[in-house]
Structure formats: C-alpha cells, structure tokens
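The values are calculated or read from the model by the stated rules, or taken from the named source; none is laboratory data. The model shown is predicted, which means the values in this text are computed figures rather than measured ones. All Cβ positions, even for glycine, are placed from backbone atoms using ideal geometry, and neighbour counts span all protein chains on display.
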Amino acid sequence: MLFEPFTDVVPSFWGWLNQGPLTLTIFLHTVIILPMFWIYFQEKKRLGKK
Amino acid sequence: MENGQSVWTSIRFWRRSAAWVTGFASALLILLTFDTMGQIKMGTDEDLQKGITKRVPAPTVINHHIDYKYSKKRGHEVPVIGDKEPFFGKEWSPKEARALLHKGKLTVQAKNCINCHTILGNGAYYAPDLTKSWLDPKWKQLMAMTNSKTKEEAMAKFLQHPEKYPTHARRMPNLKITPEEAQAVVAFLKHLSTIDTNGFPRGFSKGVKEFEAGGTYAH
C-alpha cells in the first residue's frame, strides 16, 4: 500500500515518512533530484553564454 | 551547444551535484538522529502513572505486570504494561529502580551476555534472544525446577547456578553472578521486555504458542 495509517508509538513527521518504503523513496527523489534539474539548466545556461 | 561543450562533461556541474546530494544527505541524517533521540528517550514514572505510552518506559515499570499482545493495527506484538505487582516482594521507588537497572546493565556488560545472547538486536544467536526473555513461558518450568514462588526468583536462581538447571541443548556456564547481581539482571531483563521494539524479535509469540502446545521451542 502506498499510504498506510500511522501506527508508530511516538508520532513524528519522520516516522510518518518512513511508514512505507515507497513514501520515503518518492520523498527523497523529489527533494534530491528536482534541484539537480535546476543545477543542470543553470550550468547549461552558463556554458551557453561562454 | 555552440562551443561544443556539454553539461555532462562539465566538472562544475558534477561538483555542484555532488555537493548538493552530500549536503542534503548529511542534513537529513542529522535531523533523523535528533528524531530518533526523542523517540528512544526514557519515559518518567509520571508517564507510567498517567498511562502515557513510551517506547522506553521508566525504570519503575518493573513494579508492573508485563504482557505481550498482538496489535491488529500495528501488525505485530506490543508490550502491554498492566497492573502493579511486587517485584522481589516489594515495590521499588524510582530511585531504587533506576539504581537496580543500572547495576543490571553493568552486570550484563561485565559478564558479556551478548557473547552468546542477543539484546535489542545486538549480540549472538548461540543462546536464546534476551530481548523478550522475561515473557518466556519456559520460566514456569524453571519455577518448578528451582522451587520458586515467583518468576523473578526462578530467574535469579537460574542465573546464579545455570549448570544446575539444564533447559537448553546448549548449556549456560556458571558466570559467578552474585545474588544482588542476579536480582539486578532480572530487573534489567524485565525492563528490556517492556521496550516497544516494533515486534522484534519477529515470531516470538509463535514460538511461545508452539511451546505451550507441547511442540518444539526453538528461538
């Protein structure tokens, strides 16, 4: 299941995020990969100006 | 690109990407460390009295009956802290209980229990896992063997003279544990069983059921 009810003893944002393996994967890919597109296009622009 | 230089061959691009990924991962690990520290912080005696569930309950939890029940919501067994019951014939104050658990921990470390046993995932599997050992129904047998009225008494007697009570194919050696140390180790093991370990060790109750049904009891 992609989203499962939060069943941890101590409620926490990170606990919630780690409930299923897929939620963590999606989160990490979003926050790590997306800024890399930005870095890529910035570098492309910089090289184009040279 | 007009000048023929690709982003993929640009050292600056790879350097920036590596810095971003490493930096983000470091920040995430630091955040997770603090989150874990909050989760494993020991509860207080007040929490126990108010019925607030903590992953690691206060040392005074040794004054309570401990049960281990399957939680349908969580999909595994969770420790259930029940009514008060005397531990070695008395109720231990928060200070006394803390000192007792500390002595138990030091004894467990000094006698190197994890050289054969496992505690919270650390140690060996030559001897039974000690994480939930307090809840082991085998102590009922030991109560009869050691002529004890309570489980804690039987455990303390066994710990002092394990060679006298063969219960396992692999025999535990006599580690010259004193009566005080044995009492402290039993308290440590009782507290250990109350820690919410997300169902670790897996299948503990299955073994218990098999044992109670007269089957084999392999940890």
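A few points about this structure:
- Output for the stretch B:162-186, where each listed residue is loosely packed, with under 13 Cβ neighbours inside 10 Å and either within 23 Å of B:Tyr126 (Cα to Cα) or in contact with a Gly (Cβ under 6 Å, 6 or more places away or on another chain) (or both): B:Glu163, B:Lys164, B:Pro166, B:Ala169, B:Arg170, B:Arg171, B:Pro173, B:Asn174, B:Lys176
- Members of the stretch B:115-148 that are more than 15 Å from the chain's Cα centre (by Cα) and in a helix (DSSP H, G or I): B:Asn115, B:Lys138, B:Trp139, B:Lys140, B:Gln141, B:Leu142, B:Met143, B:Ala144, B:Met145
- Pairing each residue of the stretch A:33-50 that is at the interface with chain B (Cβ under 7 Å from one of its Cβ atoms) with any residue that is of a type in the set (Val, Ile, Thr), provided the two are 6+ apart or on different chains, yields C-beta distances under 9 Å for A:Met36/B:Val21; A:Tyr40/B:Val7; A:Glu43/B:Val7; A:Lys44/B:Val7; A:Leu47/B:Val7.
- Of the candidates B:Phe204, B:Phe188, the single residue that is within 17 Å of the chain's Cα centre (by Cα) and modelled with pLDDT under 95 is B:Phe204.
- Pairs with Cβ under 9 Å, 6+ apart, first in the stretch B:128-155 and without any contact (Cβ under 8 Å) to a residue 12 or more places away in the chain, second β-branched (Val, Ile, Thr): B:Met143/B:Thr150
- Some residue of the stretch B:23-44 being away from every other protein chain (no Cβ under 14 Å) and over 25 Å from B:Pro201 (Cβ atoms): yes
- Restricting B:Gly75, B:Gly82 to residues that are loosely packed, with under 12 Cβ neighbours inside 10 Å, more than 26 Å from A:His29 (Cα to Cα) and at the interface with chain A (Cβ under 10 Å from one of its Cβ atoms) narrows the list to B:Gly75.
- Of all residues making up the stretch B:39-65, the number that are part of a helix (DSSP H, G or I) and surrounded by 12 or more Cβ atoms within 10 Å (Cβ to Cβ): 9
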